[in-house]
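Structure record follows, encoded as structure tokens.
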Amino acid sequence: MADSDLDRGMNSLGNSKKRYSAFSLARNAMSYHQNWQQAWRHAEPKSEYDVIIVGGGGHGLATAYYLASVHGLTNIAVIEKGWLGGGNTGRNTTIIRSNYLWDESAAIYEHAMKLWEGLSQDLNFNIMFSQRGVLTIAHSEHELKEMSRRVHAIRLNGIDSEVLNPAEIKKFIPTINIDQTIRYPVMGGFLQKRGGTARHDAVAWGYARAADDLGVDIIQNCEVTGFRRRGSKLVGVETTKGFIKAKKVGCVTAGHSSVMAEMAGIHLPLASRPLQALVSEPIKPILDTVIMSNAVHMYISQSDKGEMVMGAGVDKYNSYAQRGSWPVPQHMIAAAVELFPFLSRLRMLRHWGGIVDTCPDASPIISKTDIDGLYFNCGWGTGGFKATPGSGHVFADLIANDRPNKIATPYALKRFETGFLIDEHGAAGVAH
Amino acid sequence: MLLIDCPYCGPRNEEEFSCGGEAHIARPLAENPISDAAFGEYLFLRDNTKGVFLERWRHASGCRRWFNAVRDTVSHEFIEIYPMNSKPKSKAGKAAFAANWRRTTDAEAAAQKKGRKS
């Protein structure tokens, strides 16, 4: 995809917000940081909006921001039942990469990657985007061959990716155990150097502040309880703060997407599962990249605070409980210790779960529905965070123009009828 | 850790079980003329209930037999365990069975027409 396609909605901040800078940090230090401007208003719902976005996570806030900055719509509300970024946006392991096998996936995740590169500047908010590299490790000959094939496909799509041998991996990550006699020997891997991490809360806050600056109302503690329609046309949403009229509604509710869809009489091919993660006590810098392993099924990185951040696959049964079952973190820790023996002496600080909406083909749904004016952006499963800017960007385009653009077209709900699935199971790594 | 009451082996650790997803989905018979939409619905659409859910489980590392369960997806409580090819008897299970959208879909109708029971 050409860079010219990328309308970033730049230079948007400044309508009502003071810019953040090193200078503003110094100036505010003089007054003991008592006089910082409020980052976004606590809006109460108006009676009518052009667009309502349901779900105040990263994807929803990004959608609202791009609707305002790229498409010039300003009468927009983001409705969030809890607090901003309190769902999966604040529960993921913050990994960003775009090394996907299929062309459709490469298009959307690379679209997101290009937006990540420069997002701090676009939003005037330090999202701590760190391109520290993402290395996926192979533990068998077969896995290594499959990886080489994947690397070629990724490179054909113009995305950086390279295969490393065990010696190169050891050089890249001195703490890794490359002994060939262990249960899961490191036989090679592939690296995306442009991959990395970002501070997930800052992504939500940055989008919220920039969207608010453009006039978007962010309404927290307001739950959508139903949709009101006239014939096949949507007229608004019922909420815990009363009925709100809307010309268009975009649902970006992750694990609760099926619940939202049922309210509108739509059935989605989703299963809501807990995805768990945990962090250790903070230690000195020891790992300056992201490591993933499909065979032992875990991924690990070190946060700027020094905590080792770990995650694995989804739980095996449907749940809305935001905690998950115990065997999953047990396996995750066993796998982590296999790769990094020093981890066995670390204590774990926190452990949590988020409810992810998994799709049969492990790819998202970005789609219109049979109801006029109702759109869904869901099914991101275990890998939504990395797509946040790209997802919001193409979803805003879909809502504004009422037709999917080139990137969004393959992600329509219709694919479960036509059979044109985008099967990223196994092709994408552990954290899809 | 859940303790799941296998109807054949008794209470066992959840790690011994695998979950087979939504129960009572009737497979449209191959000879039925069925549209892509109806078959896609059978193949991909799944009930994803928040609350009381009817699903299939298998004692994979034990007797390897299948059974049905009524389970709450918020509390993880197993409300009822009942055999394959039967319907739930508990009040919550009966209500969940009746409330399911799938009982009246095209794919269901195509299967029911041949006298096949879910």
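None of the figures in this text is laboratory data; all of them are computed from the coordinates on show. All values derive from a computational prediction rather than experimental measurement. Virtual Cβ from ideal backbone geometry, glycine too; neighbours counted across all protein chains shown.
General observations
- Distance from the C-alpha centroid of the stretch A:347-403 to that of the stretch A:108-130: 18 Å, rounded to the whole angstrom.
- Among B:Glu15, B:Glu31, B:Glu80: highest mean-square fluctuation, GNM of chain B, C-alpha pairs under 10 Å: B:Glu31
- For chain B, a simple Cβ point-charge model (Lys and Arg +1, Asp and Glu -1, everything else neutral) yields a dipole of about 500 debye relative to the Cα centre.
- Shape category assigned to the stretch B:3-113 from the gyration tensor of Cα positions, a/c cut at 1.5: prolate
- With 0.36 nm allotted per residue and the present C-alpha distance subtracted, the A:Thr240-A:Trp352 stretch has 37.6 nm of extension available.
- Rounded, prolate or oblate (a/c below 1.5 giving rounded, otherwise prolate when a/b exceeds b/c) for the stretch A:313-432 by Cα gyration tensor: prolate
- Neighbourhood charge, 12 Å Cβ-Cβ cut-off, centred on A:Pro285 and excluding it, Lys, Arg +1 and Asp, Glu -1: 0
- Local electrostatic count at A:Ile371 - Lys and Arg +1, Asp and Glu -1, tallied over other residues with Cβ under 10 Å: +1
- Rounded to whole Hz, the Karplus (6.51, -1.76, 1.60) HN-Hα couplings of the stretch A:86-92, x for glycine and proline: x, x, 5, 4, x, 10, 7
- Taking chain A and dividing mean pair separation by its residue count, relative contact order in percent (alpha carbons under 8 Å, at least six apart): 21
- Taking a ≥ b ≥ c as the square roots of the Cα gyration tensor eigenvalues, the protein assembly as shown comes out oblate, since a/c reaches at least 1.5 and a/b does not exceed b/c.
- Most mobile of A:Leu349, A:Leu374, A:Leu275 in a GNM of chain A (Cα contacts under 10 Å): A:Leu349
- Förster-model FRET efficiency, 60 Å R0, A:His152 and B:Ser75, C-beta, rounded to 0.05: 0.80
- Separation of alpha-carbon centers, the stretch A:273-340 and the stretch A:17-43, rounded to whole Å: 35
- Computed FRET value (nearest 0.05) for A:Arg19 with A:Trp83, which takes r as the C-beta separation and R₀ as 25 Å: 0.45
- Comparing A:Pro274, A:Pro389, A:Pro341 in a Gaussian network model of chain A (Cα springs below 10 Å), the most mobile by mean-square fluctuation is A:Pro341.
- DSSP bridge pairs, the protein assembly as shown: antiparallel proportion in percent, nearest 5: 75
- Residue pairs, from the table A:Lys171/A:Lys284; A:Lys81/A:Lys248; A:Lys233/A:Lys386; A:Lys368/B:Lys91; A:Lys145/B:Lys50, whose Cα atoms sit over 30 Å apart: A:Lys233/A:Lys386; A:Lys368/B:Lys91; A:Lys145/B:Lys50
- Euclidean distance between Cα centres, the stretch B:43-118 to the stretch A:167-244, Å: 32
- Under-5 Å amide H pairs with A:Ala246, H placed in peptide plane, nonlocal only: A:Tyr49, A:Gly236, A:Val237
- Sum of side-chain charges, A:Gly381 neighbourhood, beta-carbon under 12 Å (Lys, Arg +1; Asp, Glu -1): -1
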